[in-house]
1. Taking 0.36 nm per intervening residue step and subtracting the Cα-Cα distance, what contour gain separates K544 from K598 on full extension?
2. Compute the distance in nm between two label points, each set 7 Å from the Cα along the Cα-to-Cβ direction, one at D434 and one at K154.
3. So, counting K/R as plus one and D/E as minus one, what does the shell of residues with Cβ under 10 Å around H100 add up to?
4. At a probe size of 1.4 Å, how large is the accessible area of H511, to the nearest 10 Å²?
5. Positive end of the dipole of region 452-608, charges at C-beta (+1 Lys, Arg; -1 Asp, Glu), about the Cα centre: which of L581, G599, N463 has its Cα farthest in that direction?
6. Tell me, in nm to one decimal, what length is gained between I239 and Q117 on full extension, where the rule is 0.36 nm per residue of separation less the Cα-Cα distance?
7. Find which of S235, V302, G223 sits farthest along the positive direction of the dipole of region 209-320, computed with +1 on the beta-carbon of Lys and Arg, -1 on that of Asp and Glu, about the Cα centre.
8. List the chymotrypsin sites (Phe, Trp or Tyr not before Pro) within region 441-495 that fall in a DSSP loop (any state other than H, G, I, E or B) and whose Cβ has at most 12 other Cβ atoms within 10 Å.
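The values are calculated or read from the model by the stated rules, or taken from the named source; none is laboratory data. Since the model is a prediction, treat every value here as computed from it, not as a measurement. Cβ placement follows ideal geometry from the backbone for every residue including glycine, while neighbour counts extend to all protein chains displayed. In case anyone asks, the SASA skips ligands and DNA or RNA and just uses the protein heavy atoms, side chains included. Shrake-Rupley method; radii C 1.70, N 1.55, O 1.52, S 1.80 Å.
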Amino acid sequence: MCGIVGYIGKRNAYQILIQGLHRLEYRGYDSSGVAMIAENGEMNIYKAKGKVDALEHYASNKDLSGNIGIAHTRWATHGEPNDVNAHPHFSQSRNLALVHNGTIENYSVLKEALSQQGYEFVSETDTEVVVQLIEYIMQTNACSLFEAVREAAKQVVGAYAIAVIEKSNPDRIIAARQSSPLVIGVGEDDFFLASDATPIIEYTNKVVYLNDGEIAVIDRTEGLNVYDINSNDESQICITELKMSIEELEKGGYPHFMLKEIFEQPKTLTDCISGRISADGSQIVLSGVIEHKEKFLNANRVIIVACGTSWHAALIGKHLIEDFCRIPVEVAYASEFRYCNPVVREGDVLIALSQSGETADTLAALELAKSRGAFVFGICNVIGSSIPRATHSGCYIHVGPEIGVASTKAFTGQVTVLAMMALLVGQMKGLVSDEKLQKVASDIRRVPALIQKIFEMNDKIENLAKIFTYAHNFLYLGRGYNFPSALEGALKLKEISYIHAEGYPAAEMKHGTIALIDNDMPSVVIAIKDNVYEKTVSNIQQVKARGGKVVAIVTEGDEIVASLADYVLEVPEISECLTPLLTAIPMQLLAYYIAVNKGRNVDQPRNLAKSVTVE
Ligand code: M6R
């Protein structure tokens, strides 16, 4: 949540900062701003409510000179989205400018204390308190910006990634992190700073991930130095080479990232599987699991913590692990888990499932489980993000950057990794026979081609979306492996079209929800040929008997459901445990086209951000 960019070097900072803000807009987009020290020595801050385009428009006739600057795109926490609350924030003397991602929990106490010292605040943000505190420390202790930021970092409670520049010293950026991500790009003769690597990759593939509790001094002549905030000891700088390509960050001719990401799934799942399943399907290799084999073999239980779409993938993971490994699995919302004093012991394996690897609740849940003796394992997409760095081991899903706020390819990547993991652990436990492994693993290898086949229905789904664009409510029904799919289908529709939708276990519907069914309440029913197929067929009949419209997602060639439902979308046959990988696709497309028809901002829906780094 919120994106930070910074630059210091020989080039004009503004273009780099603006381009960086565009790349980070998925993290928040209610206002944005830049601070630069201009050629005439002045520090200019330009801010605008709305998207980065609004900032560009506002700044177009201003002094955009200077080769040092910081910038920010905001997802509001303290104070409404407006020009004043947008970052960067000036200190009282206007000598400092600061951007911040995170939340400062003790900001009101600090604000009160600073007010008593004569500091005046113009915004409602917690961030302004930090920049004023730094200035206060500089003035009262007569110390450098570096020392003041270090001292301020000890006084603030909460999560932060900050970057500060100083008008009277235009040769340095000071940055610090606690629980919010910060990456420093190391160029030939310049440095870049960002909340993730996406704004950096077009300039350099060499990056340094700042750790929690570290402060960085990025100096034009002295280069990069990193210190521990508390001890002031110098940290060893570890440069990582990024493998991401710039094409992965572009729309590639699609009108939206979401559509591109939906259509990318045959490729992203091929990448996800690559090198992990042998050609004949007889062997699965996940080194993060194999290296810690004993932990999985001796696990008393598995707990999966996640949020949103990742939580839906986790529910499918529960089915997979219980089916193949016979280990009890609990799935918890990370935000609930962390505050409910959960029983976690040595012998438990906790899986933190997160596309971004930065979700604050998931990170906190895993830290809690780790402190109570669990073995913690991460399944994430963003390489080098906070969760993989906090876990004992893990697997990346390798689906490439997901920019659309609505998760699509990450969901199928997560389910694919969970399926491979469950099969592998089941095999290691002697519970999955060679034949079973070969059948399911070979089916996983078929998934990319089968998804490609489902895309042949794209036009049909686009037309279907026209029929339902003006529905006010939707019900999504599924059972077994596809109950979580129903939840995910409903979430996709809600978050991008703003139509109310509810995911429900198909058979549970008759205990209350069926009262909602009428001619105006369409139901998407996942009725593939699984072990409860006949029962789902009855559920469809119950909906039809009450005048409801049914869009059924069925196994190819199913004439029974075709004769009952109003509309049918077919998916190819595959092992039952993998059906969520196929049923997800028509639901992603349906949600996408309904949202487009409604004129919604599909990639950046209102009130949302891609990476939820606040509580
Ligand atoms: O990065 P994470 O997987 O941890 O994110 C979790 C949720 O915030 C995320 O899945 C969210 O629900 C998406 N907008 C769903 O499309």
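1. Full-extension gain reported as 16.8 nm.
2. Going by the 7 Å Cα→Cβ label model, 6.4 nm.
3. Result for the neighbourhood of H100: -1.
4. The accessible area comes out at roughly 130 Å².
5. Highest projection toward the positive end goes to G599.
6. In short, 39.7 nm is gained.
7. Checking the options against the dipole of region 209-320, the answer is V302.
8. Here the sparse-neighbourhood loop sites are Y470.
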